[in-house]
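K.L.:
Got a structure for you, questions after.
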Amino acid sequence: MTWDPNCSVTIDGVDFSSKTINAVSVTFGRTSYWEQARAGVASVEIANWDDTDYAFEINDSVVIKVDNATPTARTVFTGKVTNIETRMAAVGSVNEVSLITISAVGPFAAMSRKIIGGSGYAKQMDSVRMSAIFTDAGVTVDVVDSPGIYEFTDIAAFSADAYSTAAKYAGMANGYIYETTDGEVGFANESRRSTAVTASGYMLIPENYILWRSVASSKGLQDILNTISLTYKANAIVTSSDSTSQGLYGVLGASISTELHNMSEAQELADKYVALRRVPRLNMSSFTIQLDSPNVSSADLDTFLQMTMGKAIEINGLPVPLMPTNYYGFVEGWTLQVSRNQAAISLITSESSYSIQPTRWQDVSASLAWNAVGAAVQWATYD
């Protein structure tokens, strides 16, 4: 595949594609399954060879696009300018050249400066609470998964920034908040990834896409949790533990505070934490794909340029010391780097068993029908 990324940058509505863009870097997501996504960041380097004052200002809008193989421009970042740095690159009798580095951030950064909570919140499901937080933050919403799964207790008036508030309640609901490359924010509940895999499966990434010097797999003691005390409504407590894990790794506990309203949901969440973390999981913690490689298909290039947090991936035939089995995982974060004629994407992923939740009836389509089930089959004897 012959491909030119043809990166374009628009700042405050002005297209700088005709200028020499030496380097563009975009980062989204999180570095671990157990944390919430941070604000997306971007860095753009523009060469100024005609001694022009471009009049860049803090909070100017920034939109970065990269062509796919078609070529169709794909938006890879939308945000606001946070820093402008200019340095001289060359000075002579004929001309002067300066390099301008623009740093920008995604909408979570603005949420972190927006104070909310003055009216408190009523007792409500996670989907309603997350929608209310995003509305109070004044952001553009992508998707808030519904119907809700966990019910939060009512909360009196408080004062906190919108990002921290959204991250806190997303974590309490065993879900996560995310940004899109179009500058929107959303909330994925604990069923999002299971439902997506059922509908679309895993994206197969051939091993010859991967730059092997960039590959790392990891598992660590910090991932293990085999006893938990979880606080919910009015300081009530539920507990959960796994004796087998404790025998193997020792007692590794945690205390988690939530504002869940119902004891049954609190107990279910505590049990899930222990079930997911009772043993360490082997993650493909990071690897890089050279997007201008002839090995990368046009369809896969387009998928990489439109990467999303929670993208399901599959890699087969990895070196045994790195990953002894086929790897199934989900993208937690990524960095896209683009120069004038090259591009690469680095993915941070987590092993799929962290994310695949048991199917809930409310996530099953009403049109789903049983197929090829014998008339004599009974629930009591089915295996």
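The values are calculated or read from the model by the stated rules, or taken from the named source; none is laboratory data. Source: prediction; values computed, not measured. Methodologically, a virtual Cβ is constructed for each residue, glycine included, from the backbone with ideal geometry; neighbour enumeration extends over all protein chains shown. Accessible surface is based on the protein model in full, side chains and every heavy atom, while ligands, DNA and RNA are left aside. Shrake-Rupley method; radii C 1.70, N 1.55, O 1.52, S 1.80 Å.
K.L.:
In region 104-151, if every C-alpha pair distance is counted and binned at 10 Å from zero, what percent goes to each bin?
P.N.:
In order of increasing distance, the bins hold 24, 49, 25, 2 percent.
K.L.:
Taking a ≥ b ≥ c as the square roots of the Cα gyration tensor eigenvalues, with a/c under 1.5 meaning rounded and otherwise prolate when a/b beats b/c, else oblate, which class fits region 162-211?
P.N.:
Verdict is prolate for region 162-211.
K.L.:
For the chain, with only Lys/Arg (+1) and Asp/Glu (-1) charged at the beta-carbon, what is the dipole magnitude about the Cα centre, in debye rounded to 20?
P.N.:
Dipole about the Cα centre, nearest 20: 880 debye.
K.L.:
Okay, moving on. Taking the Cα centre as origin and putting +1 on Lys and Arg beta-carbons and -1 on Asp and Glu beta-carbons, what dipole magnitude results for region 233-357, to the nearest 20 debye?
P.N.:
Using only the charged Cβ atoms, the result is roughly 220 debye.
K.L.:
Next question. Take the Cα radius of gyration of the chain and divide it by 2.2 N^0.38 Å, with N its residue count; two decimals is plenty.
P.N.:
My calculation over the Cα atoms of the chain gives 1.12.
K.L.:
Extending each Cα 7 Å along its Cβ direction at D302 and M88, get the distance between those two points in nm, one decimal.
P.N.:
Result: 4.8 nm between the two label points.
K.L.:
Restricting to DSSP loop positions (anything but H, G, I, E, B) with no more than 16 other Cβ atoms inside 10 Å of their own Cβ, which trypsin sites (Lys or Arg not before Pro) remain in region 218-273?
P.N.:
Counting only loop positions with at most 16 other Cβ atoms within 10 Å, the trypsin sites (Lys or Arg not before Pro) in region 218-273 are K219.
K.L.:
Applying the Karplus parametrisation 6.51 cos²θ - 1.76 cosθ + 1.60 with θ = phi - 60° to the phi angles of region 208-213, what ³J(HN,Hα) value in whole Hz is obtained for each residue in order, glycine and proline being reported as x?
P.N.:
6, 7, 8, 7, 5, 5
K.L.:
Which percent of Cα pairs goes in each bin when the distances of region 145-256 are cut into 5 angstrom slices starting at zero?
P.N.:
2, 7, 11, 13, 16, 17, 15, 11, 5, 2, 1
K.L.:
Keeping to pairs on different chains or 8 or more places apart, tell me how many lysine pairs in the chain have Cα atoms under 19 Å apart.
P.N.:
Pairs that pass both the separation and distance tests number 9.
K.L.:
Do the sum for the chain: with -39,500 (n - 2.57) for every DSSP H run of n ≥ 4, divided by all residues, what is the mean residue ellipticity at 222 nm, to the nearest 500 deg cm²/dmol?
P.N.:
-5000 deg cm²/dmol
K.L.:
Once the whole set of protein chains is in place, how much accessible area is left on I133, using a 1.4 Å probe, in Å² to the nearest 10?
P.N.:
0
K.L.:
Please list, ordered by chain and number, the residues whose modelled amide H lies under 5 Å from the amide H of A23; skip anything fewer than 5 residues away on the same chain.
P.N.:
The answer is E45.
K.L.:
Here is a further query. Please list Y202, Y232, Y150 in order of solvent-accessible area, largest first, computed with a 1.4 Å probe with all protein chains present.
P.N.:
Output order, biggest surface exposure first: Y202, Y232, Y150.
K.L.:
Quick query: amide H of D142 versus all other amide H atoms, modeled in the peptide plane; which residues come in under 5 Å with a sequence gap of 5 or more or a different chain?
P.N.:
Those lying under 5 Å, H to H, from D142 are V185, G186.
K.L.:
With the chain treated as a Gaussian network of Cα nodes joined by springs under 10 Å, which of Y209, Y54, Y328 yields the largest mean-square fluctuation?
P.N.:
Y54
K.L.:
Still on this structure, I have one more. Of all accessible surface on region 238-293 at a 1.4 Å probe, what whole percent is carbon and sulfur?
P.N.:
Solvent-exposed carbon and sulfur of region 238-293 make up 49 percent of the total.
K.L.:
By DSSP, what percent of the beta bridges with both residues in region 196-318 are antiparallel, rounded to the nearest 5?
P.N.:
Percentage antiparallel, nearest 5: 60.
K.L.:
Given a 1.4 Å probe, how much area per residue of region 310-351 is accessible, in Å²?
P.N.:
Value returned for region 310-351: 39 Å² of accessible area per residue.
K.L.:
Let me check against my output: what whole-number percent is the relative contact order of the chain, with C-alpha pairs under 8 Å and at least 6 apart?
P.N.:
This gives 18 percent for the chain.
K.L.:
Among D50, D242, D12, whose mean-square fluctuation peaks in a Gaussian network model of the chain (Cα, cutoff 10 Å)?
P.N.:
D50
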